[in-house]
Amino acid sequence: MTMDPHHRAQDVLRCKLCETSVPPFYCDTCTINLCEVCVGEHLLDESKEHIVMPIKQRGFTSNYPTCLYHSMKICELHCEHCDIPVCVLCISSQKHQFHDVTDIKNTLERKKNVLKIDLEEYEKYIYPKYQEIASSISEQKAYLGENYRQLSTSLNKRGREWHRRIDNIIKGLQSDINDIEAKHLTVLNKHEDEIATSISEITQSIVDLKKLLHSNDIYYVNAYKSRTVDFKRLPPKLVVSIPKFSFQRIDREKLFRQFGSLTAFSIKSEERKPIGVESSRTASSSINRPLLLKPQTLATIETGYDHLHDVTCLSDEQIWTLGNNNVMKLFNLNGKLLETFHTNLGNQQSNISITRRGEIAFTDNSDCTVNIVKNKRIQEIVKLQGWMPQNICCSYFGDFLVVMQSDDRKHTKVVRYAGSTEIQSIQFDHREKPLYSSSVLCNFKYISENRNRDICVADHFAGAVVVVNHDGKRRFLYTGPPLSGSIPFKPVGITTDSQSRILTSDFHNYRIHIVDQNGQFLQYIGDCDFSCPWGLCVDTKDNLFVGEKDTHKIKKIQYYM
């Protein structure tokens, strides 16, 4: 029986086993439709674990993977340590006995959040940037022909100029040759005429002498005057030096220098700034924004700590804090507590930073570890040996920087990590002198990476902000402006903004220093009634958040116009 094509669409959904129309069930494991009669038969198949649901729920459940080690089981869990899906039988085995295990749906949700972040970066930043690069290449190709035509035009113009000058030289020399030849011919003609005249006279003398020899006329013979003496004096011999054309050997190098030559053709690759700094900032970051002469306090947030250690922006509307009671707190700008996370840090001085994925990174010097909070669990990233972490800064490019001090308190360095892998260590200057101070007491050091990739460390004990470039080469040391007061400059918190300006808290003088990327002091933020300013961070709009250590308050400050 042939199906009516006009009714074919409503007969698409059929039971996979018996072809019954509009089956009410769906097996998510086998991805097939089932009628009421066939459901029981399908569940009798024990080769795999079937998940059967009403067909209306199809697509709203996760497609659980089949276990690689237990083919009849599906994986509803995820091992955080091994980062693989696992089934209940895997968990009961010794292989995953002490590993953290979570619901695979939570892992899926977390992974999807990462996918969303990646998709957003591709769509907003990466793809447009590559389009911009491709467009610039097209523009270069469009100008290519014109540029080379101009080059050929300049060459031909120079050639014509040289040809014209050489032709003029040739014409001048040829004219000289013609003049000399004419003069030479004139002299020869004159000399020839004089010789011809003498020959004529000699010929006549010969004729006359022959006549006289045959004549007996005494009168004519007696009248003869001899001219042989005259003719024996021969006319002068003309010696004419014909000019020759002399020239120097053509010196190719001199010729090229005089005529002109092409500069060397070269193609080199210039490293572009990685996507992540400029793209994550507002468009105003490229503008030289003026500073407010009198910064304004926009909001004040009460955190509830006894001592507030650090602050970091999760977004323009939310800010994470770390205090002295083992708790990290997330607040909105209205001061509402949105989330808390308990740690084992106790009262020790520590700090927090936010990764590009929005995860909290923090140091724990009690067990010398660097950690990240993932899925509300602490995941150890780095375990240090012989060193204690003091501060951490998450880079705009995915890695992170840790400033640390040796166990004997004699050495300090900054280490860059990609995940748990050390990729850079910064400790000494070009003279092998330590870049950073080391001390048992008051050795606070905060760290921030600038938009130009400089690494900035607020060295409290040294009373300076130490700035090195991305390669670890020292750029400058900022110790405060001249005549800055009787109380020494002892920086603690530090951050940077979209203008690559450095902001550091001058704890003892109750103010914030604003310094440009070359170490030039710009101005203070000091009229905001600060009390023990400590931790600093800025949002994407360059609003400054100041954590006051002893009053445990956060102040949001506007310092740009």
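Packing order of peptides 44-52, 86-94, highest average first: 86-94, 44-52 (average count of other Cβ atoms within 10 Å over each peptide's residues). Applying the Karplus relation 6.51 cos²θ - 1.76 cosθ + 1.60 with θ = phi - 60° to the range 300-313 yields 3J(HN,Hα) values of 10, 10, 8, 9, x, 7, 7, 9, 9, 8, 7, 9, 7, 7 Hz, where x marks Gly and Pro. Fully extending the segment from Asp429 to Arg475, taken as 0.36 nm per residue of separation minus the present Cα-Cα distance, adds 15.6 nm. Taking Cβ atoms as reference points and 11 Å as the exclusive limit, the residues near Met72 contribute a net charge of -1, counting Lys and Arg as +1 and Asp and Glu as -1. The equivalent ellipsoid that matches the C-alpha gyration tensor of the range 132-194 spans semi-axes of 60, 5, 4 angstrom, in descending order.
Projected over every direction and averaged, the convex hull enclosing the alpha-carbon atoms of the range 50-157 yields 13.2 nm². Using a probe radius of 1.4 angstrom, the carbon and sulfur fraction of the accessible surface of the range 406-561 is 49%.
Here the range 50-92 is scanned for amide nitrogen atoms under 13 Å from the site 7 Å beyond the Cα of Asn375 along Cα-to-Cβ, giving 76-87. Rolled with a 1.4 Å probe across the full set of protein chains, the surface gives Lys383 an accessible area near 100 Å². Relative to the current alpha-carbon distance between Lys141 and Gln296, full extension at 0.36 nm per residue lengthens the span by 50.7 nm. Quick one: Debye curve from the C-alpha atoms of the chain, no solvent, what's log10 I(q)/I(0) at q = 0.09, 0.12, 0.13 Å⁻¹? Log10 of I(q)/I(0), two decimals: -0.89, -1.17, -1.28.
Three semi-axes describe the equivalent ellipsoid of the range 175-233; taken as square roots of 5 times the Cα gyration tensor eigenvalues and ordered largest first, they are 41, 9, 6 Å. Remark: the Gln174-Cys442 segment gains 87.1 nm on full extension, using 0.36 nm per residue and subtracting the alpha carbon distance. Amide H contacts of Lys553 (H built 1.01 Å from N, in plane; Pro and chain starts excluded): Glu548 sit under 5 Å, all sequence-distant by 5 or more or on other chains.
Here's how it looks for Tyr560: its modeled amide H is under 5 Å from those of Leu292, which are all 5 or more places away or on a different chain. Lys and Arg at +1, Asp and Glu at -1: add these up for the other residues within a Cβ distance under 9 Å of Trp534 and post the number. Every neighbour counted, the sum reads -2. Note on Lys336: lysines with a C-alpha under 17 Å away, same-chain residues under 8 apart excluded, are Lys553, Lys555, Lys556. Model label points for Lys232 and Ser420, set 7 angstrom from Cα along the Cα-to-Cβ axis, are 13.0 nm apart. For the pair Ala264 and Asn344, a Förster radius of 41 Å applied to the C-beta separation gives a FRET efficiency near 0.05, rounded to the nearest 0.05. Between Lys95 and Val22, the simple spin-label model (points 7 angstrom out along Cα→Cβ) gives 4.7 nm. A simple spin-label model places the labels of Ser366 and Val207 15.0 nm from each other, with each point 7 Å out along Cα-to-Cβ.
Once the gyration tensor of the Cα atoms in the range 358-405 is diagonalised, the equivalent ellipsoid follows with semi-axes of 17, 14, 7 Å, ordered largest first. Projection of the Cα convex hull of the range 352-439, averaged over all directions and equal to a quarter of that hull's surface, yields 6.0 nm². Among the aspartates and glutamates, select those whose C-alpha is under 15 Å from the C-alpha of Lys225, and discard any that sit fewer than 8 residues away in the same chain. Answer for Lys225, where 15 Å is the Cα cut-off: Glu201, Asp208, listed by chain and number. Where in the range 464-494 does the label zone of Phe521 land, with the point 7 angstrom along Cα→C-beta and an amide N cut-off under 12 Å? Only 478-490 fall inside the zone, counting backbone N under 12 Å. Here His191 and Tyr220 are evaluated by their C-beta separation; at R0 = 51 Å the FRET efficiency comes out at 0.90. Descending by average beta-carbon neighbour count within 10 Å, the peptides 122-133, 448-459 line up as 448-459, 122-133, the highest first. When the Debye formula is applied to the Cα atoms of the range 430-561, each taken as the same point scatterer, what base-10 log of I(q)/I(0) results at q = 0.17 Å⁻¹? At q = 0.17 Å⁻¹ the computed log10 ratios are -0.86. Here the calculated FRET efficiency for Lys541 and Ile55, from their Cβ-Cβ distance with R0 = 41 Å, stands at 0.25, rounded to the nearest 0.05.
Using C-alpha pairs below 8 Å separated by at least 6 residues, the relative contact order for the chain is 9 percent.
The values are calculated or read from the model by the stated rules, or taken from the named source; none is laboratory data. Note that the structure is a prediction, hence the values are computed from the model and not measured. Cβ atoms come from the backbone with ideal geometry, glycine included; neighbour counts cover every protein chain shown. Side chains are part of the model used for accessible areas, which takes the heavy atoms of the whole protein and leaves out ligands, DNA and RNA. Shrake-Rupley method; radii C 1.70, N 1.55, O 1.52, S 1.80 Å.
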